[in-house]
1. How much accessible area per residue does the range 64-118 have, counting only protein heavy atoms and a probe of 1.4 Å, in square angstrom?
2. Net charge near Ile84: determine it from the other residues with C-beta under 11 Å of the C-beta of Ile84, scoring Lys and Arg +1 and Asp and Glu -1.
3. I want to check the label-to-label distance for Arg18 and Asp85. Put each point 7 Å from Cα in the C-beta direction and report it in nm to one decimal.
Amino acid sequence: MTYYGGMEAPIPPRPRKRYYDLAAREAKKSNHPRVKMACVLVKGKKVLAVANNSKKTHPKWGLNGYGYLHAETAALAKADAAGIDVTGCEVYVWRRGERLAKPCASCYKALRAAGAATIYYTDTKKEL
């Protein structure tokens with residue numbers, strides 16, 4: 001697991017593995033033909049939103065120029081629709097297979113604009 005953005009952050013403690021497990025289960029629901037990704041937004045110990053990448057689009061969160069709704073923006077859209085403030089949240093991004101799950105530039109910008117404090121993602125070496 002790797003930290004992305006801002007100041008260097010410690011690797012989350014082992015108990016937070018449950019958020020990656022939750023993301024792994026959510027990623028299985030993705031209708032993307034190749035890439036199965038999911039994002040979990042957490043504040044304290046409360047899960048704020050969980051979403052996967054999909055072929056769907058969203059009028060506010062858009063396509064990000066990639067033709068698919070990314071897991072990160074889908075999670076932000078769910079939180080927004082529910083009126084949930086994500087300021088200060090931790091973000092966990094998971095991708096099936098030993099692949100980098102680093103948020104793209106558009107997703108990173110959206111997460112930071114929404115007030116995400118820390119972004120963790122699986123890397124190419126291992127998944128939790």
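The values are calculated or read from the model by the stated rules, or taken from the named source; none is laboratory data. Model, not experiment: these values are computed from the prediction. Methodologically, a virtual Cβ is constructed for each residue, glycine included, from the backbone with ideal geometry; neighbour enumeration extends over all protein chains shown. Just so you know, the surface numbers come from the protein's heavy atoms only, side chains and all, with ligands and any DNA or RNA stripped out. Shrake-Rupley method; radii C 1.70, N 1.55, O 1.52, S 1.80 Å.
1. Accessible area per residue, the range 64-118: 46 Å².
2. Local charge sum for Ile84: +1.
3. 2.5
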